[in-house]
Amino acid sequence: MAEGGEKKVLSLKVNSSQRDAIAALFAENNWDFEEVQLQNVESIDEGQDGEFVRSFRIRQSDMAEECPYCLCKPCITDESNRQMWWPTVNSLPSLRNHSLRKELYKKFWTMLFHRGVFLDPRYQDRKLRALRQDPQCRNLVMHRRDLLPLCVLKLVRTWLPNPKGVPYMGHKWE
C-alpha cells in the first residue's frame with residue numbers, strides 16, 4: 001500500500017488530456033494509478049438552467065427500505081449515508097444552536113438534491129400541499145425553496161437542541 005495509508009476513491013470529471021496528465025504525475029511519483037468505475041453515480045446532462053443544475057446523481061439502493069419522509073433508500077439520515085461533517089456527539093441545548101443547525105440543513109439539502117428527491121412527483125405534491133396550507137411558510141423548514149423532511153429535522157435537532165421551553169422556528173432560507 002502507498003505511504004499515505006488507506007486508499008480512497010476520488011471522483012473527478014476530466015477530459016482525456018487531463019486524465020493523461022494525472023496518470024503521468026502518478027507515474028512520475030511512482031504511485032499506483034488505478035481507475036475505478038463508480039457504480040452509484042450516474043451522469044446527467046448539464047443544462048443551462050442556472051447554478052443548481054445537477055452534474056451527477058447518486059443512485060439509491062433498491063435493497064433498502066424507502067424513508068416515508070425523505071423518499072430516500074435508505075433514509076438520508078441512515079448511518080450508511082454518514083458524512084464527515086456529521087457530529088459524533090450531541091451538543092448541549094443552546095440558543096446559539098439555530099445558526100449551527102442552519103448550516104447542517106444546507107448540507108442535507110445538498111445530499112437530497114444529488115439524490116433527485118426534489119424532482120420526485122411525490123415530493124413536489126407534498127410541497128404544494130404544504131405551501132397551500134401555510135402560504136407564508138411560518139412553520140416549514142426550507143432551504144432554497146425546498147422543504148426539508150422530518151427525518152432531517154429530528155436528527156439535526158437531536159444534534160443541536162434548543163433549551164427546554166424554547167420552540168424551534170420554521171425557517172425559509174434562500
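Rule-based calculations on the coordinates, nothing more; no lab input. Not measured: the values here are computed from a predicted model. Note that we place each Cβ from the backbone using ideal geometry, even for glycine, and neighbour counts take in every protein chain shown.
Observations on the structure shown:
- Legend: distances between Cα atoms for Lys106/Lys127; Lys102/Lys154; Lys73/Lys106; Lys7/Lys106; Lys7/Lys102; pairs beyond 24 Å are Lys7/Lys106; Lys7/Lys102.
- Inter-probe distance in nm under a simple model that places probes 7 Å from Cα toward Cβ, at Leu128 and Ala24: 5.5 nm
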